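These notes are about the structure you will find just below.
The values are calculated or read from the model by the stated rules, or taken from the named source; none is laboratory data. Here the structure is a predicted model, which is why all the values come from computation and not from measurement. Here the Cβ positions follow ideal geometry from the backbone for every residue, glycine too, while neighbour counts run over all protein chains shown. Just so you know, the surface numbers come from the protein's heavy atoms only, side chains and all, with ligands and any DNA or RNA stripped out. Shrake-Rupley method; radii C 1.70, N 1.55, O 1.52, S 1.80 Å.
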Amino acid sequence: MSLAIDIRNLRYRYGGGPWVLDIPELTLERGTRAFLFGPSGSGKTTLLGVLAGVLEANEGEVTVLGEDLGSLSGARRDAFRAEHIGYVFQMFNLIPYLSVLDNITLPVRMHAGRRARLDGAGVKESAALLAGQLHIGDLLKKPVTELSVGQQQRVAACRALIGAPELIVADEPTSSLDFDRREDFLELLFQECERAGATLVFVSHDRTLEGMFSRTISLPDVNTAVH
Amino acid sequence: MLVLDLALKSLRNRAFSTSLTVGSIALSVALLIGVENVRVGMRESFSNTISQTDLIVGTKGGTIQLLLYSVFGMGAPTENVSWEAYRQWAEHPAVAWTIPYSLGDSHRGFRVIGTNDDFYRHYRYRGGQEIALAEGRASENLYDVTLGADVASELNYTMGDEIAVTHGIGEVGFLVHDHMPFTVVGVLAKTFTPVDRAIYVTLEGMEAIHWEGGAPPASDDGHVHDEEAEAASVDNGHVHDEEDEEVADDDGHADDDHAHEVETEVAAADDGHVHSEADLSIEDVEVTQVTSFFVGTTDRRDVLMLQREINDFEDEPMMAVIPGVALNEMWRSLGYAETGLRLVTIFVVMVGLLGMLVSLYTSLDERRREMAILRAVGAGPRRIVALLVLESVCLAAAGALAGLALVYVLLSVGQSIVEAQVGLFIPIRPPGFVELLFMGAVVTAGFLMGFVPALKAYRTALHDGLTVRV
Ligand SMILES: Nc1ncnc2c1ncn2[C@@H]1O[C@H](COP(=O)(O)OP(=O)(O)OP(=O)(O)O)[C@@H](O)[C@H]1O
Ligand SMILES: [Mg+2]
């Protein structure tokens, strides 16, 4: 139960294509801040998709937060993701027709289980609190199309963090930021993960960030699928 | 509710394409409902061509034929009804009033109808409106004519004009009796019914037109025959001028028999027939027959009984029809035109909805990122489907409502204009069953069509996972 991620003999491929993932074993303790890297095309995003339950493993067992994803139906996996996982994309994280506030509160409105995790705090209040902590408290009413890239990524982080999910998955969220903002963003992200006791899986090409994490995973080392 | 909120905001975000789509659906729905309204209006105005007449009576034949010649001034019966028979029914205790008609002649393409005071007194149309005179008075003397509104305006006739009337409804009948001229004594107000396209003379005047050569028959056996008329005219000692030829209008159709008849008549006239039309007055003419007559009963409950009695009349072959029933029957026989019109408008609506489908479908590529984000925050593929179907339904519903509103706006602006211009009264009513049916069908079609982009998005959502490839 203390494992956030427990992967055994995972194999995954898109449709009838070649194997993209072949991971005999990969485990991650709860509360870890993991740095996942690998060359482009090595399957990082695919692995995150499997962990988030968006993609279904072809073979093997994937246990996330104690839940065997393979035993869940598609709808249950969607619900599981909504309730327990926060996801941050590399860029274009936000839905353009929603305000900053609406973007942040999306997971909470999507699933009652996630809303329940607000511990009685109001949806708006929780969003405002998080936004304040990430220094974007004054942007809540703005349309997202008027934000800088750095601001957008912080909004995305707020959305991933709202309702304090146990697992935060971030797919190169800093690659579009300059160096100072990158560190800034990471500091804030770490701080919030710590506050919530969340496990973080952070994907990046940028090895210079590696030192800030408690664990480093080289995907090519654990993924035996040949490319 | 989240999905509805997302659908609405997403549509609002694409305001331009949304309003184009809603606009095109609205226009097509407005066309569909508008045509339906016009159709109902036309149908009502058609069934109201005449009103308060309980029976139309003529010689035995087809119901629609009787309606055509007695109400719409089209065609002619093979036989007439004798004056005696007409009077017999006119005096029937169940009969309150009658309007006798004597048809069969035309003037430059307009029907000439012989009738009497009863026409001006009892004729009703469009829910009880009376015949009114725009100018002058009703025909009462032998050579009086009263013109329908269209006749006066199209032929540019005014009060006091002298006009000639040919025998036979065909245009080939161009014989002009300029020594037997009819004088315009009145013009009827516009009714937007076939009344506008007819020329009214007295029953006696109509008899006079039938006299070949323009003189009354010598014999008084009650029937006017060509030979008798000509024979009579020879004795009159009046030299017949050469006939003027009047160029025929081109909108009538020729009746070969009449053409032949007229030619011989012209030949006879050219031979120098003599006759006198001089100072004949209405008392000198005996009316021998009518073509048909309208009947109003004293008690409407007697209508069916009276109809049966007339149909069973043994002295002459006669037939009575109830105008409302006959008009409806006739309208139904024109039903294929309605169906065709309706089909066309339904196709227009389909085109409008297809436009929506195209716009939703092409927007999907730009929205793959959005779908991936929704997936990432926990939306299942079914929510993605629901979102797109809901967008489609919203577009269709907004289009349907806007279309309905457009119809009411157009109706309230155009109703009186249309009524004044073409006499078609299109009633403004709250949306009825048909409108709701149409709108329901449009929304349902929108719902079904929404599945096309939705299922595509569903497949991409399942396949793409969280990678969004451009
Ligand atoms: N939706 C998809 N359908 C088919 N193949 C895919 C799909 N997404 C990714 N792939 C393939 O799977 C492999 C791994 O892709 P993935 O996106 O996981 O790599 P990545 O490590 O995230 O690369 P990057 O660092 O460039 O983001 C690649 O060969 C890619 O072509
Ligand atoms: Mg990737």
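Legend: residues in segment B:8-25 shielded by at least 30 square angstrom of accessible surface upon adding the remaining protein chains to the isolated chain (1.4 Å probe, heavy atoms) are B:LYS9, B:ASN13. If you roll a 1.4 Å probe over the protein assembly as shown with all protein chains in place, what percent of the accessible area is carbon or sulfur? Carbon with sulfur: 55 percent of the solvent-accessible area.
For A:LYS142, the lysines whose Cα comes closer than 19 Å to its Cα, not counting residues fewer than 8 places off in the same chain, are A:LYS124, B:LYS9.
Taken across both chains, chains B and A shield about 2300 Å² of accessible surface from a 1.4 Å probe. In order along segment B:48-62, phi translates into HN-Hα couplings of 9, 3, 10, 9, 6, 7, 8, 9, 10, 10, x, 6, 4, x, x Hz, rounded to whole numbers, per the Karplus curve 6.51 cos²θ - 1.76 cosθ + 1.60 with θ = phi - 60° and x for Gly and Pro.
For segment B:319-334, 3J(HN,Hα) computed residue by residue from phi via the Karplus equation (6.51, -1.76, 1.60; θ = phi - 60°) reads 9, 10, 10, 8, x, x, 5, 5, 5, 5, 4, 5, 4, 5, 5, 9 Hz, glycine and proline entered as x.
The label point for A:ASN9 and the one for B:ALA15, both projected 7 Å from the Cα toward the Cβ, are 5.8 nm apart.
The angle between the Cα long axis of helix A:74-84 and the main principal axis of chain A comes to about 50°, on a 0 to 90 degree scale. The angle between the Cα long axis of helix A:179-196 and the main principal axis of chain A comes to about 90°, on a 0 to 90 degree scale. For helix A:149-161, what angle does its Cα long axis make with the longest principal axis of chain A, in degrees from 0 to 90 and rounded to 10? Compared with the principal axis, the helix lies near 70 degrees.
With the whole protein complex present, B:GLU79 retains an accessible surface near 100 Å², based on a 1.4 Å probe.
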